[in-house]
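Read through the structure below, which is laid out as structure tokens, and then see the notes.
The values are calculated or read from the model by the stated rules, or taken from the named source; none is laboratory data. The structure presented is a predicted model; accordingly, all values stated were derived computationally and were not measured. Note that each Cβ is placed from the backbone with ideal geometry, even for glycine, and that neighbours are counted across all protein chains shown. With ligands, DNA and RNA removed, areas are computed over all heavy atoms of the protein, side chains included. Shrake-Rupley method; radii C 1.70, N 1.55, O 1.52, S 1.80 Å.
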Amino acid sequence: MLLVAGITNTFPVFLPALLAEFGGSRAATASTASLLWLGGAMLSPIAGYLVARGNPRLLVSIGLAAVALGMTLGSLAPSLPLFLTAMGLGGGIGLGLTGMTTHAALIADAYVRRRGLATGIAFGGSMAAYALAPPAQWLITHWGWRVAFCCYAATIVALIPWAWRAHPTRLVSTRSGGPGGSGPSTVTIPEIVRSVGFWSLLVMFTTPPLFGYLATTQHTLYFTARGFTAGQASVLLAIGGVLAGCGRALAGLVADRFGGPAAGFLSFSCSLLGMLCLIGMERRPIWILTAGYVFFLFLPLGSRASIVSVLLGRLAPPVHYGVIFGLLGIGNNLGAATGPWLSGLLFDRTGSYLVIYLCAFAIALTGLASLTVFCLATRPSALPPRA
């Protein structure tokens, strides 16, 4: 999760160097991250099916190898189209096979009472990738972005033997017993997909990466335009990564203790406050607003994945976790794919960061409304009786 799903969170420090190298528009260059998430969206339900019925160890190892190959070829690309092709194919396949869908199923298979916390700790890796910004920036400054890409790819290759040893060959819940098993399922996948709860959760899970990447993709460009150095911008991103990584585990703990709905409403409220600080910086770029943006936006940035892992228990038994989370992951990955591209497009068309941040704020409000619908649709009195 740190090195694969986290690529798009480290990407803001690469964006200025890629713009200088290839000379493309911001929308086209930022679409690198979009293509990775698009691949994740396409493969998310397939990964959910394969992890539930196939070999998780082999699935994750293939995904890691695909990302490493894509980054290596991308570092050699002489033009932006070839760079996008290499990263889109290799990174997209890798993200789809090793991302949240695969590991949500693995964690749901192994944990019950502490599922939210376990998910938050594991998923915190992708948010902690923001902390890779300073070393990545140092490599870019002293050796260039191509060397930085090669170093990143080499690190992923070194992870493959560890992943092969750590991951199981089969989920316990596909057999008769184990902590994730629950016996024969009394609800079918089509029944879950037809429910209001599923669709409201899908919308809610789609919005966080959309408004998150709208607000953060141009982080380095935005803060250097406001008088910060590239080094200061990367440090802010690193602090945000530490907060986001801790926030995922904290959100899982809160969801376990106080319920998924309470954790969800708290996380969306923090996100809205962080974006208000960012909007305020358009009028007055002072440190207190910068600190508010970093704290309130980054702390809950990846928390919704941990929260959804708990909320999903209202809809699906563990045996269906991989498939249902994979379907929900389509929306989440599409939101993540749209965010960087839309951020670049809005700036290319308007030349304004304020338009980007106002759009992100409106999308966050939509996510909060969808969470409200989900909670109403899945409250005990609203659920149909099960056989």
When you check ILE93 against the structure, is it closer than 25 Å to GLY240 by Cβ and aliphatic (A, V, I, L, M), yes or no?
no
Among (1) open to solvent by less than 10 Å² (accessible area, probe 1.4 Å); (2) without any contact (Cβ under 8 Å) to a residue 12 or more places away in the chain, the one test that ILE288 misses
(1)
Within segment 70-106, the residues that are open to solvent by 50 Å² or more (accessible area, probe 1.4 Å), without any contact (Cβ under 8 Å) to a residue 60 or more places away in the chain and touching a helix residue (DSSP H, G or I) at 6+ places or on another chain (Cβ under 7 Å) are LEU73, LEU89, ILE93
Only one of these is of a type in the set (Phe, Trp, Tyr), crowded, with 19+ Cβ neighbours inside 10 Å and out of contact with any strand residue (DSSP E or B) (no Cβ under 8 Å at 6 or more places or on another chain): PHE296, PHE265. Name it.
PHE296
Of all residues in segment 1-51, how many are part of a helix (DSSP H, G or I) and touching a His at 6+ places or on another chain (Cβ under 8 Å)?
1
Scan segment 189-217 for residues that are in a helix (DSSP H, G or I) and without any contact (Cβ under 8 Å) to a residue 40 or more places away in the chain and jot them down.
PRO190, GLU191, TRP199
Consider ILE356 carefully, then state whether it is farther than 21 Å from ALA5 by Cα and either assigned to a helix (DSSP H, G or I) or modelled with pLDDT of 90 or more (or both).
yes
Using beta carbons and a limit of 6 Å, which pairs, at least six apart or on different chains, have the first residue in segment 221-246 and of a type in the set (Phe, Trp, Tyr) and the second one in a loop (DSSP other than H, G, I, E, B) and surrounded by fewer than 17 Cβ atoms within 10 Å (Cβ to Cβ)?
none
Can you tell me which residue is most open to solvent (accessible area, probe 1.4 Å) among those in segment 359-383 that are within 11 Å of PHE211 (Cβ to Cβ) and among the hydrophobic types (A, V, I, L, M, F, W, C)?
LEU365
Return only the number of the condition from (1) farther than 17 Å from LEU250 by Cβ; (2) modelled with pLDDT under 85 that THR119 does not satisfy.
(1)
I'd like to know if segment 230-246 contains one or more residues that are over 16 Å from the mean Cα position of the chain (by Cα), within 16 Å of ILE356 (Cβ to Cβ) and open to solvent by less than 20 Å² (accessible area, probe 1.4 Å).
no
Note down all Cβ pairs under 9 Å where the first residue falls in segment 350-366 and is free of Cβ contacts under 8 Å to residues at least 60 places away in the same chain, the second is basic (Lys, Arg), and they're at least six residues apart or on different chains.
VAL355/ARG349
Applying the selection to segment 107-134, what residues are surrounded by fewer than 22 Cβ atoms within 10 Å (Cβ to Cβ) and closer than 19 Å to LEU50 by Cα?
ALA110
Do we have any residue at all in segment 135-146 that's aromatic (Phe, Trp, Tyr), open to solvent by 40 Å² or more (accessible area, probe 1.4 Å) and at pLDDT 90 or above?
yes
